[in-house]
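The values are calculated or read from the model by the stated rules, or taken from the named source; none is laboratory data. Since this is a predicted model, take the numbers as computed values, not measurements. No Cβ is skipped: glycine too gets one built from the backbone with ideal geometry, and neighbour counts run over all protein chains shown. Surface areas here come from the heavy atoms of the whole protein model, side chains and all, with no ligands, DNA or RNA. Shrake-Rupley method; radii C 1.70, N 1.55, O 1.52, S 1.80 Å.
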Amino acid sequence: MTLKIADRGRVPPFLVMDVLRDASAREAAGASVLHLEIGQPSAGIPNEVAHGLAAALEAGTDPMGYTMAQGLPRLRERIAAHAERLYGHSVDPARVFCTMGSSAAFLIAFLAAFAPGDRVALASPGYPAYRHILKAVGIEPVLLQVGPETHFQPTPEMLDGLDVDGLIVASPSNPTGSMLSPEALRALAETCHARGIRLISDEIYHGIGYGMRFATATAFSPSAVVVNSFSKYYCMTGWRLGWLVLPEDMLRAAECLAQNLFISPPTISQHAATAAFDCLDTFDALVAGYGRNRDLLVAGLAKLGIDKVAPPDGAFYVYADVSHLGLDSAELCRRMLAETGVAVAPGWDFDPDGGGRFIRFSYCCAEGTVNAALDRLRAWLPTL
Ligand SMILES: Cc1ncc(COP(=O)(O)O)c(C=O)c1O
């Protein structure tokens, strides 16, 4: 007898992870692969953090058991205090809620804030897991097509006449890297609050910017939910640790959900993350390196005729229009990996309507990797 897979469980794949799987298989078979597909800093945690952690494990001072569902108090305090450095004002540690990566933060926030059948607006192109997690929990994603006219970000006007319960924004955005100015974020946050729309602000790329000021949604709205993570600026993707800054009304619901879904975030990762706040100069130096990679990649691609790119204000992605090459992005990425070993992500992941025209390059790798990828593309593009 064949048993069913529930419809809500049939979400589309996260294509970047499929490309990573294929690229890694090629690598394991001995091919030379340049990883520009995955948004994962190639630097790991700083040595000081690793050594401190090793010493603590050896000393056995903490048995690394469960923590409170919302995480270690010391870590929550450090996250809250760090807001002072980034935004010029601190956040109440009682509202900071640590999670198993920002991915779990989304699940907790969506379950606490929305009911099955609710509708949540979000930009397209945008991070695919928003759509897929929403669908898995019975919430309808409402895509707002964004482009150069609005700096690849949603605007308050786009909400006019739209019957939605929530709005997700990401600044800097994945895949475009575009940012909302503090004024633009304020306008969205105030509009949402006034209209009873729950704003979810994904601030996972904060700290990785190239000139524009960062602002947090909690500064502009008491009902906004902020999502953040140690994966990007702090180079801790595999440690699976993120956090929420929650409005008062969601705290208890989030606590009960997290207790039941996850018990607590990984304890060893919480210790590492607490120590990571002592290494901010190291992370800032890495961001300076991403900035150099960005300039190199944007200029190098332009010389290859790939010159229609979204404004890379922050994060570490270049989202490029490659429609002039005459191939669908999935086929282009497949051939690029097979014929050059350069792994990049197809736009289909981020935009189910127009994604065939775009590809995304991730540049949080070594400068040599960007240069080598440009060299390979220079030789390969004329053969298409
Ligand atoms: C915009 C955005 N949000 C959330 C995530 C999820 O990150 P994590 O679960 O590692 O915190 C990612 C990962 O690439 C991302 O790009």
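Roughly to the nearest percent, how much of the accessible area of the range 65-278 is carbon and sulfur, given a 1.4 Å probe?
Working: 4150 of 7580 Å².
Roughly 55 percent, rounded to a whole number.
Determine the calculated [θ] at 222 nm for the chain from helices alone, applying -39500 (n - 2.57) to every DSSP H run no shorter than 4 residues and normalising by the residue count; nearest 500 deg cm²/dmol.
Working: 11 runs with 149 residues, N = 384.
Roughly -12500 deg cm²/dmol at 222 nm, from the helical runs in the chain.
Please give the per residue accessible area of the chain, computed with a probe of 1.4 Å over protein heavy atoms only, in Å². Write down the numbers at each step before the final one.
Numbers: 15890 Å² over 384 residues.
Using a 1.4 Å probe on heavy atoms only, each residue of the chain averages 41 Å².
Which residues' amide hydrogens lie under 5 Å from the amide hydrogen of Ala170, considering only partners 5 or more residues apart or on another chain, with H built in the peptide plane?
Here the answer is Asp202, since their amide H atoms fall under 5 Å of that of Ala170.
Using the Kyte-Doolittle scale, find the helices of the chain whose mean hydropathy is at least 0.0 and whose Cα atoms extend 30 Å or more along the helix's long axis, counting only whole DSSP H runs.
Working: long enough: 280-303 (35 Å, 0.30).
Membrane-span-like by this rule: 280-303.
Report the one residue of Val245, Leu167, Ala275 whose Cα lies farthest in the direction of the positive end of the charge dipole of the range 65-278 (charges on C-beta: Lys and Arg +1, Asp and Glu -1; origin at the Cα centre).
Among Val245, Leu167, Ala275, the one farthest towards the positive end of the dipole of the range 65-278 is Ala275.
Give or take rounding to whole Å, what are the principal axis extents of the alpha carbon atoms in the chain, in descending order?
Sorted from largest, the Cα extents of the chain read 59, 58, 58 Å.
Could you order peptides 325-334, 162-171 by the average number of other Cβ atoms within 10 Å of their residues, highest first?
On the way: 325-334: 17.5, 162-171: 21.6.
The peptides rank, most packed first, as 162-171, 325-334.
Rounded to the nearest 20 debye, what is the charge dipole size of the chain about its Cα centre when +1 sits on each Lys and Arg Cβ and -1 on each Asp and Glu Cβ? Numbers along the way, then the final one.
Details: 30 positive and 40 negative charges, 105 e Å.
Dipole about the Cα centre, nearest 20: 500 debye.
Based only on the alpha carbon positions, what is the Kirkwood hydrodynamic radius of the range 65-278, in angstrom?
On the way: mean 1/r = 0.0584 Å⁻¹.
For the range 65-278, inverting the mean 1/r across all distinct Cα pairs yields 17.1 Å.
Using modelled backbone amide H atoms (1.01 Å from N, in-plane), which distant-in-sequence or interchain residues come within less than 5 Å of Ala366's amide H?
Placed amide hydrogens put nothing under 5 Å from Ala366.
Expressed as a whole number of Å, what is the distance separating the alpha-carbon centroids of the range 90-166 and the range 231-258?
The range 231-258 and the range 90-166 have Cα centres spaced 15 Å from each other.
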